[in-house]
Amino acid sequence: MAQLSVVNESEGYLKVNYMNADRGIMSWVLTLDHKRIALMYFVLTMVSFFIGGMLAEAIRIEHLTPGETIMGANTYNRMFTLHGVVMIFMFMIPAVPGIFGNFCLPLMLGAKDVAFPRLNLLSVYVYAVGAGLLVYAMASGGVDAGWTFYAPYSLSTPATIFPALLGVFIIGFSSILTGLNFIVTVHTLRAPGMTWMRMPLFVWATYATSIIQVLATPVIGITAMLVGIEHVFGFGFFDPTRGGDPVLFQHMFWFYSHPAVYIMVLPSMGVISEAVAAVSRKNIFGYKMIAYSSLGITFVGFFAWGHHMFLSGQSALDSGAFAIISMLVGVFTAIKVFNWVGTMYRGSIAVNALLFYVCGFLFFVVFGGMTGIAVATVSLDVHWHDTYFVVAHFHFIMVGAVLMGVLAAIHMWFPKMFGRMYHEGWAMVAAALIVLGFNATFIPQFLLGNAGMPRRYFLYDEKYWMLNVASTAGSTLLFIGFVIVAIYLIYALKHGPIAGSNPWGLTGLEWQTTSPPPKHNFIGQPTVEEDPYTYQKKGEKVEHVVI
Amino acid sequence: MKGYILVLVALLIGTVVTVVTGKMDLGSFNLAIALIIATTKATLVVLYFMHLKDSTGVNRLVFVVSIIFALVLIAGVFGDIMTRNPVSLPHGGPVPRTGTPSSAMHLPAAHH
Amino acid sequence: MSSSEAHQEHEHPWYLAHHFDNIKVQNYAVRMGMWLFLGTEVLLFAGLFLGYTVYRYFYPQAFEECSQLLSVGMGAFNTVVLIGSSFLVVWAYHSIKHDQVKKCAWLLFLTIVCAGIFLVVKYFEYMHKIHEGQLPGKMYTFEGVTAPGANMYFSIYFLMTGLHALHVIIGATILAVLMVRVMKGKYGSHHNVPIELGGLYWHLVDLVWIFLFPLLYLI
């Protein structure tokens with residue numbers, strides 16, 4: 001374990017903690033405390049998740065019947081567009097870095113704050129402005145070009161696309177600021193004795209994510225700007241009637257948006273690395289491999305964007321090259337999966353909601369990943385492109401893997417952030433519902449896509465009816481699961497049992513300070529003299545504990 | 001300080017060279033020469049004016065990596081447009097040069 | 001470094017943030033932060049450079065002929081102005097490191113003047129184009145070059161020089177703020193990293209133009 005100059009662990013609840021150390025609304029509005037900023041991200045991204053979820057439910061209810069159910073075709077186009085835009089830009093990209101990166105990174109490194117606290121505060125406000133613009137775009141008629149806003153339709157759609165594009169551009173800035181902050185934090189604010197190979201794996205994952213955020217986001221920025229300018233001024237960059245190339249748009253768009261999916265999934269993978277060690281009470285198997293594979297995903301992920309464009313007119317040569325590189329990225333994920341499973345093997349497995357989320361994650365990342373390799377095969381993608389098969393594939397990763405990671409993070413760090421424990425029984429019920437509900441929602445979609453149901457179509461053929469009903473039923477289960485999670489967590493905020501510094505008995509610097517942490521994180525400067533996961537000494541056997 | 005003046009002079013000379021060679025007709029070498037001169041000037045600015053020469057390895061890595069990824073973007077797109085079926089390219093492919101200038105104004109003809 | 005000695009109180013100047021142990025670490029961190037930000041700017045412009053290379057590949061003749069419609073003299077003049085301003089700003093940084101406060105302020109002022117000159121020249125260039133109808137997108141009415149793709153050239157011209165000019169304005173603003181702070185005596189040999197960082201941003205503006213000039217005006 002790491003040492004502190006003054007023992008900071010306690011069984012109790014720290015009365016004067018980061019949430020009440022400074023009082024008054026201005027102390028929150030102008031806070032420089034990374035933990036308060038994390039809470040601000042928590043609230044904003046959860047609201048976004050709720051909005052995105054409601055849009056998803058609207059789509060699923062519409063698909064209860066093959067014809068028109070509750071909305072017209074134009075509204076439907078807006079629903080799926082906004083579901084994508086909200087979920088991706090307002091929830092998934094900012095959530096884990098914004099909440100847990102902000103809260104946990106400095107604690108895990110033994111630092112007092114991130115490298116640039118004022119930039120951190122700015123990133124939250126920039127996010128809020130961008131999100132506000134997106135909400136405004138939604139309210140003033142919505143956008144209907146798909147979250148991918150392909151040219152040439154996005155250039156000429158009558159919908160109010162410009163505020164949405166501006167919103168995306170601005171939210172991108174927030175992402176860049178966060179990534180920049182975290183990279184510098186990891187380089188400069190590690191506690192004495194914490195070498196790179198002693199950093200927790202969540203830090204490695206966040207670092208890898210931050211690299212992508214910094215390098216890729218400017219490209220979506222310029223792309224969104226170009227479409228906006230074309231929409232208003234008719235510049236002709238992507239407009240075939242003016243000599244432009246619409247496929248060029250797709251290249252620029254996916255150059256960011258493919259690495260973006262790694263922005264979404266890498267932090268969750270980092271969470272799972274921590275959670276796997278936690279539920280197995282065992283040292284991580286293959287620490288170096290997991291750390292390096294995060295960087296591998298970051299870099300190789302930049303070379304794979306064309307696999308979204310197999311049917312766009314892109315040349316066969318380029319498509320083939322992108323296909324092979326995309327499969328290569330799968331290798332890094334596979335490395336991680338083997339190491340996580342290897343960690344759990346012969347571990348002292350705790351049966352709790354965290355375990356359910358870990359297992360759910362593993363199952364979903366394997367199936368989502370394998371179907372990813374499947375659609376990366378050009379000849380197969382000819383059949384599956386723009387069908388529900390692809391939709392199911394990316395939801396397996398985005399909801400199945402990323403969301404399980406988010407839920408695991410919330411449950412693992414809730415006691416640290418708020419000093420109280422939630423009700424484990426209800427947590428397990430909700431987790432089971434979510435995992436089952438997820439399967440019920442999206443496995444039918446694989447079958448639908450393979451049978452030929454296209455995505456983003458308002459109407460569908462009668463033969464797809466039953467599976468669509470099944471999918472909607474599953475989504476209802478999912479929804480109930482989320483509602484239960486919200487209820488017991490909000491209840492636990494005020495009424496949960498006191499957690500103490502280290503309710504899970506985990507290693508890691510964040511558990512060596514009180515729950516909730518004090519304003520300046522630690523008393524004195526922690527120093528690190530050991531590896532990050534020290535459940536067992538070298539050669540020592542796992543102690544199987546029955547809790 | 002002397003170093004900065006030397007770099008300034010080199011940059012100004014580079015500017016003169018690029019303007020002079022730009023006006024000459026060197027066929028397809030025009031682009032290559034212009035890029036080489038620009039890259040040399042840029043390298044001087046980055047190394048000496050921006051002190052990357054004396055900077056930490058991390059900063060150098062950051063800058064170099066960003067340039068590399070910009071080139072990856074361009075390379076990936078060119079891999080596509082150079083091998084795509086011409087039907088799916090704007091104007092059916094790169095517009096071949098006509099021997100005569102298309103401009104109504106009296107400009108020097110393009111001889112490439 | 002043992003934990004109990006970390007909380008020293010005698011060395012805490014106003015410019016050292018509380019979460020950094022000492023000024024060396026802070027300077028290292030802010031420099032890295034600035035280089036990361038410059039990396040993002042490189043990738044922002046990369047999208048436009050991509051557009052330029054792609055459309056030049058498609059429309060070589062139109063691009064050549066249109067580039068001859070640009071004034072090489074004005075472009076070269078602007079190049080010299082920016083290179084000179086880069087020199088001035090690094091001289092300003094050199095001065096403040098040697099506590100030459102007045103000199104630094106003057107040099108920063110001259111750099112901002114260079115920025116102004118650049119923008120004035122650009123204004124005249126744009127005015128000429130508006131007059132000729134060599135405008136981007138919907139507003140293109142120029143008929144002087146009939147090779148296909150001429151309109152694309154001007155769209156790209158305005159996008160690239162426009163984004164660049166925006167960065168000139170932002171850079172000049174940053175330098176102006178720094179100049180005021182220099183005059184207020186905030187910087188000297190003990191603390192001058194902000195001037196360095198402002199200079200770095202300005203050099204990026206110069207770097208982009210070093211590539212824009214030959215690509216748009218000369219070839």
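All of the numbers you see were taken from the coordinates with simple rules; none came from a lab. Keep in mind the model is a prediction, meaning the values are calculated, not measured. As a convention, Cβ positions derive from the backbone with ideal geometry for all residues, glycine included, and neighbour counts pool all protein chains shown.
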**Request:** For the stretch A:187-305, calculate the relative contact order in percent as a whole number, restricting contacts to Cα pairs under 8 Å that are 6 or more residues apart.
**Result:** 38
**Asked** How large is the dipole of the protein assembly as shown about the Cα centre if only Lys and Arg carry +1 and Asp and Glu carry -1, each at its Cβ, rounded to the nearest 20 debye?
**Response** 1280
**Request:** With only Lys, Arg, Asp and Glu charged, each at its Cβ (+1 for the first two, -1 for the last two), find how big the charge dipole of the stretch B:1-103 is about the Cα centre; round to the nearest 20 debye.
**Result:** 160
**Asked** Cβ under 10 Å from A:GLN536's Cβ, A:GLN536 left aside: what net charge do those residues give with Lys, Arg +1 and Asp, Glu -1?
**Response** +3
**Message:** Along the charge dipole of chain A, pointing to its positive end and built from +1/-1 on Cβ of Lys, Arg, Asp and Glu, which listed residue (A:ALA164, A:ALA409, A:GLY243) has its Cα farthest out?
**Reply:** A:ALA409
**Fill in**
Pseudo-spin-label distance C:HIS18 to B:THR56, built 7 Å along Cα→Cβ, given in nm, is 2.4
**Request:** Take the Cβ-Cβ distance between A:ILE324 and A:ARG456 as r, set R0 to 22 Å, and report the resulting FRET efficiency rounded to the nearest 0.05.
**Result:** 0.20
**Prompt:** Hey, rough spin-label estimate for A:ARG23 and A:VAL47, points 7 angstrom out along Cα→Cβ, what's it come to in nanometres?
**Reply:** 2.6
**Fill in**
Restricting to Cα pairs under 8 Å and 6 or more apart, the percent relative contact order of chain A works out to 22
**Request:** Would you mind getting me the FRET efficiency between A:TYR345 and A:LEU436? Use the beta-carbon distance for r and R0 = 22 Å, nearest 0.05.
**Result:** 0.30
**Prompt:** Cα centroids of the stretch C:45-79 and the stretch A:433-476: how far apart, whole angstrom?
**Reply:** 50
**Asked** Using the 10 angstrom Cβ neighbour count as an exposure proxy, how do A:PHE396, C:PHE124 rank, fewest first?
**Response** C:PHE124, A:PHE396
**Asked** Expressed as a whole number of Å, what is the distance separating the alpha-carbon centroids of the stretch A:343-381 and the stretch A:180-234?
**Response** 25
**Asked** Distance from the Cα centre of the stretch A:86-161 to that of the stretch C:174-190, in angstrom?
**Response** 34
**Asked** What's the FRET efficiency of A:VAL483 with A:THR75 using the Cβ-Cβ distance as r and R₀ = 30 Å, to the nearest 0.05?
**Response** 0.75
**Prompt:** So how much slack lies between A:GLU530 and A:MET466, counting 0.36 nm per residue of separation and subtracting their Cα-Cα distance, in nm?
**Reply:** 17.4 nm
**Message:** What's the longest uninterrupted piece of chain A once you rule out the GluC sites (Glu not before Pro) that are loop residues per DSSP with at most 12 other Cβ within 10 Å?
**Reply:** A:12-528
**Asked** Between A:LEU30 and A:TRP196, what is the spin-label point distance in nm, taking each point 7 Å from the Cα along the Cα→C-beta axis?
**Response** 4.0
